[in-house]
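Written below as structure tokens is the structure these notes are about.
The values are calculated or read from the model by the stated rules, or taken from the named source; none is laboratory data. Quick caveat, the model's predicted, so the values are computed rather than measured. Quick reminder, even Gly has a Cβ in these numbers, built from the backbone with ideal geometry, and neighbours come from all protein chains shown.
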Amino acid sequence: MSQPLTVYLAAPRGFCAGVDRAIKIVEMAIEKWGAPVYVRHEIVHNKFVVDGLRDKGAVFVEELDECPADRPVIFSAHGVPKSVPNAAEARKMVYVDATCPLVSKVHIEAERHFDNGLQMVMIGHAGHPETIGTMGQLPEGEVLLVETEADVRTLTPRDPSKLAFITQTTLSVDDTVGIVAALRARFPDIIGPHKEDICYATTNRQAAVKAIAGKVDALLVIGAPNSSNSRRLVEVARNNGCEYSQLVQRAEDIDWRALEGAKAVGISAGASAPEVLIDEVVAAFEARYDLNVEVVETAKEDIEFKVPRILREVS
């Protein structure tokens with residue numbers, strides 16, 4: 001007789017509207033122009049998704065100069081610095097921008113503040129493609145990056161009374177609260193976004209994990225090691241009462257010995273992890289336990305983003 005186990009399945013989990021749209025863009029581009037279609041940077045941070053698109057005819061590169069000028073190129077959902085589309089235009093390339101509309105919103109916000117004579121402070125992770133893309137919307141030196149509250153203390157803006165801040169969309173809501181408070185304390189005139197930059201999908205997935213964390217002996221987040229929002233989910237679980245919280249890419253990565261004796265396990269997935277991988281993990285539990293699955297839903301998502309017009313036009 002199998003040992004009984006309750007699995008609490010977080011909802012929402014997995015794909016968000018921006019990821020859905022980005023993948024659709026690559027698939028539609030291959031359909032429209034045939035293979036190969038080039039993609040600058042992983043379209044989304046998930047190996048399973050990237051490998052699947054590669055099999056269909058997508059070629060993933062890190063820089064634009066690796067792409068031939070006569071083939072279409074797609075920019076990833078994380079966004080790119082302005083210099084990238086400018087270089088594509090200079091080479092007369094066909095390009096499709098798959099930047100998530102919520103990231104584009106932050107780009108527009110940064111430009112608006114810059115036009116109003118403000119210097120930007122970005123709360124984000126150094127080296128993350130989204131941070132590079134957002135900072136690259138403005139001239140060098142116009143965006144100052146902070147990763148921690150300690151960074152705020154050493155910040156040297158041009159004019160402390162002319163500042164605004166923006167946030168990487170995939171950060172943890174809880175982590176940014178302290179940084180924003182430190183910015184407001186040190187620079188009372190700093191202007192913040194009208195509405196939180198952290199995207200609805202990041203917030204919703206974190207809320208669902210918080211709702212589960214206190215009920216379980218372990219929590220698994222399905223996602224890639226280079227996925228910022230997935231790594232944040234692991235941290236959120238740990239910070240909310242679930243010490244054993246782990247990131248796994250596939251069912252084969254689960255450490256079953258570490259789960260011995262567990263009565264309840266939580267499962268969530270980052271915004272770039274497809275449902276098929278979640279099903280695979282649940283099936284792996286089903287094969288080992290007498291499983292009772294409970295869905296813990298904290299929000300409903302029905303947002304859809306349109307693909308760019310170039311893909312909707314009949315050529």
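Being β-branched (Val, Ile, Thr) and assigned to a helix (DSSP H, G or I) is the filter; apply it to the range 133-166 and report the residue that is farthest from His107 (Cα to Cα).
Step by step, filter the range 133-166, then rank; the result is Val152.
Just checking, which of Val216, Val265, Val221 is among the β-branched types (Val, Ile, Thr), crowded, with 17+ Cβ neighbours inside 10 Å and in contact with a Leu (Cβ under 6 Å, 6 or more places away or on another chain)?
Every option except Val221 fails the conditions.
What residue, among those in the range 158-177 that are surrounded by fewer than 16 Cβ atoms within 10 Å (Cβ to Cβ) and modelled with pLDDT of 95 or more, is nearest to Glu235 (Cα to Cα)?
Step by step, filter the range 158-177, then rank; the result is Pro160.
Go through the range 152-187 and count every residue that is farther than 19 Å from Leu118 by Cβ and of a type in the set (Asp, Glu).
Going through the range 152-187 one residue at a time, the tally reaches 2.
Please name all residue pairs, on different chains or six or more residues apart, with Cβ atoms under 6 Å, provided the first residue is in the range 60-76 and is assigned by TED's automatic domain parsing to the domain that holds His41 and the second residue is aromatic (Phe, Trp, Tyr) and part of a helix (DSSP H, G or I).
So the pair list comes out as Pro72/Trp33.
Among the listed residues Arg158, Arg186, identify the single one that is among the basic types (Lys, Arg) and in contact with a helix residue (DSSP H, G or I) (Cβ under 7 Å, 6 or more places away or on another chain).
Testing whether each residue is among the basic types (Lys, Arg) and in contact with a helix residue (DSSP H, G or I) (Cβ under 7 Å, 6 or more places away or on another chain) leaves just Arg186.
Please state which of the following conditions Ala283 fails to meet, knowing it meets all the rest: (1) surrounded by 15 or more Cβ atoms within 10 Å (Cβ to Cβ); (2) closer than 21 Å to Gly14 by Cβ; (3) small (Gly, Ala, Ser).
(1)
Outside the structural domain of His125 (by TED's automatic domain parsing) and under 15 Å from the mean Cα position of the chain (by Cα), is that true of Gly270?
yes
Any residue that is surrounded by 20 or more Cβ atoms within 10 Å (Cβ to Cβ), within 16 Å of Thr169 (Cβ to Cβ), in contact (Cβ under 8 Å) with a residue 60 or more places away in the chain and out of contact with any strand residue (DSSP E or B) (no Cβ under 9 Å at 6 or more places or on another chain) - is there at least one of those in the range 130-140?
yes
Go through the range 84-104 and give me each residue that's in contact (Cβ under 8 Å) with a residue 40 or more places away in the chain and under 22 Å from the mean Cα position of the chain (by Cα).
Val84, Val96, Asp97, Ala98, Cys100, Pro101, Leu102, Val103
Take residues that are at pLDDT 95 or above and of a type in the set (D, E, K, R) and tell me which of the strands (runs of 3 or more DSSP E) falling wholly in the range 1-104 contain 2 or more.
none
Do you know which residues across the range 221-248 are touching a Ser or Thr at 6+ places or on another chain (Cβ under 8 Å), closer than 21 Å to Val50 by Cβ and of a type outside the set (Val, Ile, Thr)?
Gly223, Ala224, Ser227, Ser228, Asn229, Ser230, Arg232, Leu233, Leu247
Being more than 27 Å from His128 (Cα to Cα) and either charged (D, E, K, R) or in contact with a strand residue (DSSP E or B) (Cβ under 7 Å, 6 or more places away or on another chain) (or both) narrows it down to one of Val314, Val295, Val248, so name that one.
Unique residue meeting the criteria: Val295.
So in the range 178-213, with the set limited to residues that are among the basic types (Lys, Arg) and more than 19 Å from Glu147 (Cα to Cα), which one is surrounded by the fewest Cβ atoms within 10 Å (Cβ to Cβ)?
Residue satisfying both the conditions and the ranking: Lys195.
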